Amino acid sequence: MPFVRRMGVYPMYKLRTVEEESLEPLLQPESSSPSQRSAATTPMAQSGKPRRPLRSYIWDTWDKSPEERKFLGRLDACLLTYAALSYFSKYLDQQNVTNAYVSGMKTDLGLHGNQLNYITTAWTCGYVIGQIPSNLLLTRVRPSIWIPAMELIWSGLTMVLASANSFSTLVAIRFFVGLAESTFYPAIQYVIGSWYKGDELAKRACIFHTASAIGPMFSGFLQAGAYSGLNGVHGLAGWRWLFIIDGIITIPIALLGFLIMPDLPSNTKPSFLYTQEQIDMAQQRMAAAGRKPPSHFTKAKVIGFFKTWHVWLLTPLYVLFNNASGPSSSMIFWLQSFNTPGHTKYTIGQINTYPLGTQAIQVVSTLVWAWWSDAMQLRWPPILFAGTCHMIVCIVLAATPLYTHIARRWTFYYFTSIQGGLSGLILSWANELNSHDSEKRSFVVASCNTFAYVFQAWLPIVIFPQVEQPRVKKGNIATACIDGGLIVVCLAVLFMQKRDERRARVSEADAVSEELVDDVDSKAKLSVDQASLH
């Protein structure tokens, strides 16, 4: 009986103890519970987050360690300075085409009809062709070499525009300008997504993107100055000087890029900018955020890009956002329409500068969306809000007579770019949702921008033909519908994200349960084996 007691009672007592000890971690209210661990590894998850001090909502580095704060300050100074300056020059050029058109280029080159739309389309075609190959190449070639090198080529081509003497020449040069520029925007968004965590990402992406509004603001003043101060100098019209100036100011920006543009955390080498300890910190930060470094391309991996919902929903989301900007181009034509033969109400300078309020609204709203998004660590609320506001603006423009309510129409024109800062939020969302695969992340980010411009190559000609400016009633109605589509697709992305988070939590909980059962079984077997030895 003593032997039976030892074999029966002692092992059973021991087995209960092992089981209780195995279950104890799951019963503790720790942040490492299965659901919280799953949430911690899911983009923009809300579970198990520590409380943040108020100062971190103002600027996200203020509650970090001195070492991390120093590193992020240096990274911000290098990456964002170069990105913003370069993007400023790109958008300066894009707006320069429209400003040049209304400031003498149309007359000098005998342009007519929708030829301005075709010039823009030529640039768009080049821009579309280069984006995806360039972004995938960035996972193999150092960004600090590739991006500034292409910018130097872009600078030369932009200055060549000043020599154009025909419509066909303009179209050809603009195509190659777009091709050279295609390497920049998706590449910078991919690089930003490779360095920053969830509470930092939207602000950086949007701060950089504000240059897209600041560039056109300066373009208006630059065109006014070039027209009045350089028109006729060395036999060149003022609009030609506009392209020369743009190319000249971009050359030093490109050279600066060779010095301060960072690579990826996985291939950055120690230098006068970053120590090895800071590079190690960057790699650890991205590992904690679930952001994977580049790996090998395989056929299965490339095919896998198309087997998940990310490319099929994030790309349409960005396409809809990008093609809702048509109404913002109408104000300059509206002001020009007040001038009739023998009567000038607005001068060339006024026509180029008065619409700058549109870009000012975009700058302010972009920063509001960025801080709001990072504070909540959610991307969808600002997208839904801005899309709704822009839909209302477009409906009012479609329903308001051109000349009977001047002040009201003027005000609503200024708000036509209220959704213009959503680019950084959508691409931040894409970076986060594809953190697990660097190549896929690069592909999805590039696909968003590529297909947005595939539609932009022809859609403005259809819904905003130049011959219908500034009324473009069907264009405003169509844009309101595009905003409605943006809202629907945004909700679909949110639904799929939440579904994946639930599945991840269930999967991890199942994995923990299976591990627990295996652990209990193995310890029970070990206890029985030990008892049998006695």
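The values are calculated or read from the model by the stated rules, or taken from the named source; none is laboratory data. Here the structure is a predicted model, which means the values were calculated and not measured. We place every Cβ from the backbone using ideal geometry, glycine too, and count neighbours over all the protein chains shown. The area values use the complete protein model at the heavy-atom level, side chains included, leaving out ligands, DNA and RNA. Shrake-Rupley method; radii C 1.70, N 1.55, O 1.52, S 1.80 Å.
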Inset, instruction - Report the extension gain between Val467 and Gln283 in nm, rounded to one decimal, defined as 0.36 nm multiplied by the number of residues separating them, less their alpha carbon distance. - result: 60.9 nm
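Give the peptides 228-241, 246-259 in descending order of average Cβ contacts within 10 Å, highest first.
Working: 228-241: 15.9, 246-259: 17.7.
Put in order of decreasing packing, that is 246-259, 228-241.
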Legend entry - Value of [θ]222 nm, deg cm²/dmol, for the chain, DSSP H segments ≥ 4, -39500 (n - 2.57) each, nearest 500: -23500 deg cm²/dmol
Legend entry - Label-point separation, His405 to Ile477 (7 Å along Cα→Cβ), nm: 1.8
Inset, instruction - Keeping all protein chains in position, work out how much accessible area Val160 exposes to a 1.4 Å probe, and write it in Å² to the nearest 10. - result: 70
Legend entry - Cα long-axis angle, helix 473-533 against the chain (0 to 90 degrees, to the nearest 10): 20
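Could you tell me what percent of the accessible area of the stretch 60-281 is made up of carbon and sulfur, with a 1.4 Å probe and every protein chain present? Can you show the working numbers first?
Numbers: 5210 of 7700 Å².
Reported share for carbon and sulfur atoms: 68 percent.
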Legend entry - Inter-probe distance in nm under a simple model that places probes 7 Å from Cα toward Cβ, at Phe306 and Ile58: 5.1
Legend entry - Compactness of the stretch 308-523 - radius of gyration and Dmax, Cα, Å: 22.4, 97
Inset, instruction - With the full set of protein chains in place, find how many percent of the accessible area of the stretch 308-523 is carbon and sulfur; take the probe as 1.4 Å. - result: 70
Inset, instruction - Return one whole number: the accessible area per residue of the chain in Å², for a 1.4 Å probe. - result: 43
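Per 0.36 nm of contour for each residue apart, how much would the distance between Ser337 and Glu67 grow if the chain were fully extended, relative to their Cα-Cα spacing?
Working: separation 270, 0.36 × 270 = 97.20 nm, distance 5.75 nm.
The Ser337-Glu67 span can extend by a further 91.5 nm.
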Legend entry - Spacing of the two label points (7 Å from each Cα toward its C-beta) at Lys299 and Ile395, in nm: 5.2
Legend entry - Helix 198-209 vs. the chain, principal-axis angle (Cα, 0 to 90°, nearest 10): 10
Legend entry - Angle in degrees between helix 238-260 and the longest Cα principal axis of the chain, rounded to the nearest 10: 20
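Listed highest first by mean packing, meaning other Cβ atoms within 10 Å per residue, what order do 486-497, 364-375, 52-63 come in? Working shown, then result.
Numbers: 486-497: 18.7, 364-375: 21.2, 52-63: 13.8.
Descending mean neighbour count gives 364-375, 486-497, 52-63.
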Legend entry - Percentage relative contact order, the chain, counting C-alpha pairs under 8 Å, at least six apart: 24
